[in-house]
Amino acid sequence: MTEEKTLKISKIEDGIVIDHIKAGSAMEVLSVLKITSRSGFTVSMLMNVRSSNGSLKDIVKIEKKILKKKELDLISMVSPDATINIVEKFAITEKFRVSLPENVEDLIKCQNQNCITNAKEPVKSVFKREKTGSRNNYRCQYCERTMSLEEIRNSIIK
Amino acid sequence: MLTKKSVVSIGDISNDDIFRVFERASSFKQKLSKGEKIKTMDGKIMATLFFEPSTRTRLSFESAMHRLGGGVISVSEPKSSSASKGETLADTIRMASSYSDIIAMRHPMEGAARLASEFSSVPVLNGGDGSGQHPTQTLLDLFTIWEKFKSLDDLNISMVGDLKYGRTVHSLLRALNRFDTTITLISPESLEMPDHILSTLDHPEKVTKGTDINPILEKTDVFYVTRIQKERFVDLNDYAKVIGSYSFDPETVSKMKKNAIIMHPLPRVDEISPDVDRDPRAFYFKQAENGVYVRMALIDMILGGA
Ligand SMILES: [Zn+2]
């Protein structure tokens, strides 16, 4: 029933549907995509809907939007289980789950205030993913400190 | 191989290269003790750029280059130089690398040496970046252990003191963990080894933590003691308590193995009593001296001296 309703509200002609967003994170996804009320996009957002497996999720649909690699990376860090549906002429032409990038360049700010990448130097921040057990951390390639996904989320959502 | 390579972090040097550095350092040490002159860096120039004062490290680098027959140029007072005029580090390094064959630097910010190595046209040696890396210190620490025990395996090593802010123990731990050593980290809880270092270890199972030095006194081969700074404590009574339980005096030393050694990156304050200095197990001054030989070896290998 929920599925039906979802479709009714927001069948879009061309654009993207970001599904399986962690419940409560839809606003964060819009925030990292830098989409605001003034961006001009037609956006519909569903929060705390019941997914087929019974858990709660958010959904965001953005018309006429094309996602860049950087934007996909940001979404993966805010909501690692999100799936992307690309819609053309009312049909889903591509569907995939986001994945955490191995390297993150020029996308996040090192949380170490004393890191040289936070000084006025002509460098981009570069982080590499490190997986220990089920945890993913990103290590700054300059100061060699790590940031957890939680810390990255807090730093990119402002 | 180290030829033409920058050394920013101990991770930049393979275990094989570590031993090559040791052998060359040993041979330089012998030659110098016999009064032989070494001329492998004749005509080469090292620029020392210390954006933060460090008499010891800088003297050691400069002495090493001079002992190899090379020349040194340096900025005597970084505050008066380009950095305070708003020039970026990247630009300062570009300029300095055009005047020299190798750069030795220290900077107050973490990652500064990595950045410098990307903008420099010559190899960069990191002499300390903020609370980050200090690989030549690590090499001289390892060399001192290797010289004494002829190996970096099968040793019990205890690091004692401020393990949170003491950068020398950060890279030393990472380096030692690459060998077959058992490591114990002894510190007050507020000054424990940070997770961002522990998470880099290849063999975390060989490292244990504790707060008391007494249980390890009899079984440790190498004590690596670091300075506990008063400024880290809000309450000076806490400092007094901590320093009391982490300091080495003749009584502590009497419980140690006969063959053990005590190391310290210096300067030491209250952690090791001067009464210990004459004990044959006190190795901290030998360790400091080794810094010159190790830096000589490193410069010589990087710039390809015969
Ligand atoms: Zn950093």
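The values are calculated or read from the model by the stated rules, or taken from the named source; none is laboratory data. Remember, it's a predicted structure, so these values are computed and weren't measured experimentally. Every residue, glycine among them, receives a Cβ derived from its backbone with ideal geometry; neighbour counts consider all protein chains shown. With ligands, DNA and RNA removed, areas are computed over all heavy atoms of the protein, side chains included. Shrake-Rupley method; radii C 1.70, N 1.55, O 1.52, S 1.80 Å.
Looking across B:LYS257, B:LYS286, B:LYS209, B:LYS241, one residue alone is touching a Leu at 6+ places or on another chain (Cβ under 7 Å) and open to solvent by 70 Å² or more (accessible area, probe 1.4 Å). It is B:LYS209. Only residues that are away from the ligand (no atom under 15 Å from the Cβ) and in contact with a strand residue (DSSP E or B) (Cβ under 7 Å, 6 or more places away or on another chain) were counted across the stretch A:102-128, and they come to 1. Scanning the stretch B:15-39 for residues being open to solvent by 60 Å² or more (accessible area, probe 1.4 Å) and either among the hydroxyl-bearing types (Ser, Thr, Tyr) or not assigned by TED's automatic domain parsing to the domain that holds B:GLY71 (or both) gives a total of 1.
Being open to solvent by 80 Å² or more (accessible area, probe 1.4 Å) and either assigned by TED's automatic domain parsing to the domain that holds A:SER25 or closer than 15 Å to A:VAL29 by Cα (or both) is a condition met by at least one residue of the stretch A:135-156. Scanning the stretch B:120-137 for residues that are surrounded by fewer than 24 Cβ atoms within 10 Å (Cβ to Cβ) and within 8 Å of another protein chain (Cβ to nearest Cβ) returns B:GLY130, B:SER131. Contact map, the stretch A:37-59: first residue open to solvent by 70 Å² or more (accessible area, probe 1.4 Å), second residue at pLDDT below 90, Cβ cut-off under 6 Å, separation 6 or more or different chains; pairs are A:ARG50/A:THR2. Tell me yes or no: at least one residue of the stretch B:152-166 is under 26 Å from B:SER60 (Cα atoms) and within 14 Å of another protein chain (Cβ to nearest Cβ). Yes: the stretch B:152-166 contains one or more residues that are under 26 Å from B:SER60 (Cα atoms) and within 14 Å of another protein chain (Cβ to nearest Cβ). Where residues in the stretch B:1-55 are in a loop (DSSP other than H, G, I, E, B), closer than 27 Å to B:ILE197 by Cα and among the polar types (S, T, N, Q), which of them is nearest to the chain's Cα centre (by Cα)? Taking the candidates together, the pick is B:SER9. On the stretch given as the stretch B:53-68, residues that are open to solvent by 20 Å² or more (accessible area, probe 1.4 Å) and either closer than 19 Å to B:GLY35 by Cβ or in contact with a Cys (Cβ under 6 Å, 6 or more places away or on another chain) (or both) total 3. Once the stretch B:244-254 is narrowed to residues that are of a type outside the set (Gly, Ala, Ser) and modelled with pLDDT of 90 or more, the residue that is most open to solvent (accessible area, probe 1.4 Å) is B:GLU251.
For the stretch B:260-276, which residues satisfy the criterion of being open to solvent by less than 50 Å² (accessible area, probe 1.4 Å) and outside any strand (DSSP E or B)? Correct list: B:ALA260, B:HIS264, B:PRO265, B:LEU266, B:GLU271, B:SER273, B:VAL276. Based on what the data block shows, is A:ILE62 β-branched (Val, Ile, Thr), over 15 Å from A:SER25 (Cα atoms) and either assigned by TED's automatic domain parsing to the domain that holds A:LYS22 or not in a helix (DSSP H, G or I) (or both)? For A:ILE62, the condition - β-branched (Val, Ile, Thr), over 15 Å from A:SER25 (Cα atoms) and either assigned by TED's automatic domain parsing to the domain that holds A:LYS22 or not in a helix (DSSP H, G or I) (or both) - is met.
The sole residue among A:PRO80, A:PRO122 that is open to solvent by less than 90 Å² (accessible area, probe 1.4 Å), over 18 Å from A:LEU33 (Cβ atoms) and outside any helix (DSSP H, G or I) is A:PRO122. Scanning the stretch B:108-119 for residues that are open to solvent by less than 10 Å² (accessible area, probe 1.4 Å) and small (Gly, Ala, Ser) yields B:GLY111, B:ALA112, B:ALA113, B:ALA116. Filtered by the rule that a residue be open to solvent by 20 Å² or more (accessible area, probe 1.4 Å) and of a type outside the set (Val, Ile, Thr), the stretch B:222-238 gives B:ARG227, B:GLN229, B:LYS230, B:GLU231, B:ARG232, B:PHE233, B:ASP235, B:LEU236, B:ASN237, B:ASP238.
Can you find a residue that is more than 12 Å from chain B (Cβ to nearest Cβ), in contact with a Gly (Cβ under 9 Å, 6 or more places away or on another chain) and in a loop (DSSP other than H, G, I, E, B) anywhere in the stretch A:107-114? Within the stretch A:107-114, none of the residues are more than 12 Å from chain B (Cβ to nearest Cβ), in contact with a Gly (Cβ under 9 Å, 6 or more places away or on another chain) and in a loop (DSSP other than H, G, I, E, B). Between A:GLU130, A:GLU144, the distinction of being at pLDDT below 95, within 17 Å of B:ASP129 (Cα to Cα) and at the interface with chain B (Cβ under 8 Å from one of its Cβ atoms) belongs to A:GLU144 only.
Of everything in the stretch B:106-123 that is within 16 Å of the chain's Cα centre (by Cα) and closer than 18 Å to B:MET65 by Cβ, the residue that is farthest from the ligand (Cβ to nearest atom) is B:ARG106.
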